[in-house]
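Heads up, the thing below is written out as structure tokens.
The values are calculated or read from the model by the stated rules, or taken from the named source; none is laboratory data. On a predicted model such as this, the values are computed, not experimentally measured, just so you know. Note: ideal-geometry Cβ built from the backbone for every residue, glycine included; neighbour counts use all protein chains shown.
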């Protein structure tokens, strides 16, 4: 068994390296490698049954880390609009996707569960892509992450309910009473464990090894207790994660658990591929076709929901595009449905291939997101113009009354832009703000600040802000793609305008300079320079010497002042 485990991990390592080179989600390659292994040599049921508990433990640890990292405060701070959007997204998308699911399965309840499953998106894939492009702090990024948090909560509840219902043949009232009992037991366990954890962390100073032992002991204790009362072990993992969330030891615990979680999840996705025994090229083509149709349906439904809720068209597009794939929790929910005989093995294998195909298709089209947006924007403007202006219904724009000259145009009023804007307002400098968040624009207009609601990459929005008469253009949007568009359009309108922008990537410094940007700020480098300056001062270096050393570092980094 250990030789087989070694072979699986080495094969998965090859898949992970290949995924990194191709910039694709690694879990896709684990499933494909598992499929190949099953059809070539790994078709022994004894081997699968040996590794199944280990792969299931990976799911428990996944739920544990989700509970550990879950930010309910972030979800609730997102506002009523986003919470409404999250609920509407899960319910409406789930019901719509239940229709094709019913045509496949021919049974109502399993079709509804499959529809709910397909409505979920991938937190792991989308979160990683947003962070790699520094878009997690943008309006669309924050909306997307808030919805993903809500989807994770729904997935946890669905896994708990599905596990509870497996094998139950009692009537509705009996099941309801059993469910109430289990909820009461979970609530009691949560209360008692909170007391125990508070006592341990208040009275004892645990080192790294002791902290790991305590965490795993607590986790397996609750799994054993819940198992005795037929409560799924995944619920135990999520609850322990919630109990430890927010403590100063949270990040230390996460770093210790993550290694075990990642290795065991590799086993889960690898052996998920081994269950696809009905591999057929025609079925695979059908799976890709079904994945494409489902992604289009998800995108259209999501976009319409967010347009109706008043999001800007581009924000609605970005969020809908990011959420149109089917996520990793779908694999878990489908596996539970297969084990409980809610869906047949053939349907299970086909749906697993559909989810894998959706992740693969998404990874290919994500890089062309901007091209898709331009085409989509053109299509809406030409054929459905009423939808283009639907989200502006609550923002009264009086562009003809905005008379500017020699002013500053600030694109983006998020976390960074709001500080810049506040400072400019206090300095009583002529300012025009452009942002795609309707609430921000309404608040600024209410305060008497000149503001334009819209996407700064669109030429007409820059015209409304009268960039041709502006002295400075400050870019505070996180996306480098959007920054480049705005820079090129602003330079076309006003060749003499001075442009200041920020970037998280060192590779963009020279690129933006070549486009004509006057000043490029890299927040991480500026923070390093500030800290270094303070350290040098504490060592009593003379000011000219400090200035000389910092200037050398800036020149080395490609910054000339």
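A few points about this structure:
Matching residues to (1) assigned to a helix (DSSP H, G or I); (2) under 25 Å from the mean Cα position of the chain (by Cα); (3) not assigned by TED's automatic domain parsing to the domain that holds residue 333:
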| site | (1), (2), (3) |
| --- | --- |
| 191 | yes, no, no |
| 200 | yes, no, no |
| 206 | no, no, no |
| 220 | yes, no, no |
| 235 | yes, yes, no |
| 248 | no, yes, no |
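- Residue 478 meets the conditions (1) out of contact with any helix residue (DSSP H, G or I) (no Cβ under 6 Å at 6 or more places or on another chain); (2) within 15 Å of residue 409 (Cα to Cα) in every case but one. The failed one is (2).
- Qualifying residue in segment 221-237 (condition: without any contact (Cβ under 8 Å) to a residue 24 or more places away in the chain and touching a helix residue (DSSP H, G or I) at 6+ places or on another chain (Cβ under 8 Å)): yes
- Some residue of segment 309-318 being free of Cβ contacts under 8 Å to residues at least 12 places away in the same chain and surrounded by fewer than 21 Cβ atoms within 10 Å (Cβ to Cβ): no
- Given (1) at pLDDT below 85; (2) in a loop (DSSP other than H, G, I, E, B), index of the condition residue 525 fails: (2)
- For residue 430, the criteria (1) buried (at least 18 other Cβ atoms within 10 Å of the Cβ); (2) under 27 Å from residue 312 (Cα atoms) hold in every case but one, which is (1).
- Residue match in segment 493-503 (condition: within 26 Å of residue 309 (Cβ to Cβ) and under 24 Å from the mean Cα position of the chain (by Cα)): no
- Residues considered: 538, 509, 531. Of these, the only one that is surrounded by 12 or more Cβ atoms within 10 Å (Cβ to Cβ) and free of Cβ contacts under 8 Å to residues at least 60 places away in the same chain is 509.
Rundown of residues vs (1) farther than 18 Å from residue 283 by Cα; (2) outside any helix (DSSP H, G or I); (3) over 24 Å from the mean Cα position of the chain (by Cα), yes/no style:
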position	(1), (2), (3)
314	yes, no, no
321	yes, no, no
330	yes, no, no
343	no, yes, yes
346	no, no, yes
350	no, no, yes
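- Scanning segment 433-465 for residues that are touching a strand residue (DSSP E or B) at 6+ places or on another chain (Cβ under 6 Å), assigned to a strand (DSSP E or B) and buried (at least 23 other Cβ atoms within 10 Å of the Cβ) turns up 433, 434, 451, 452.
- Some residue of segment 489-508 being part of a helix (DSSP H, G or I) and farther than 30 Å from residue 405 by Cβ: yes
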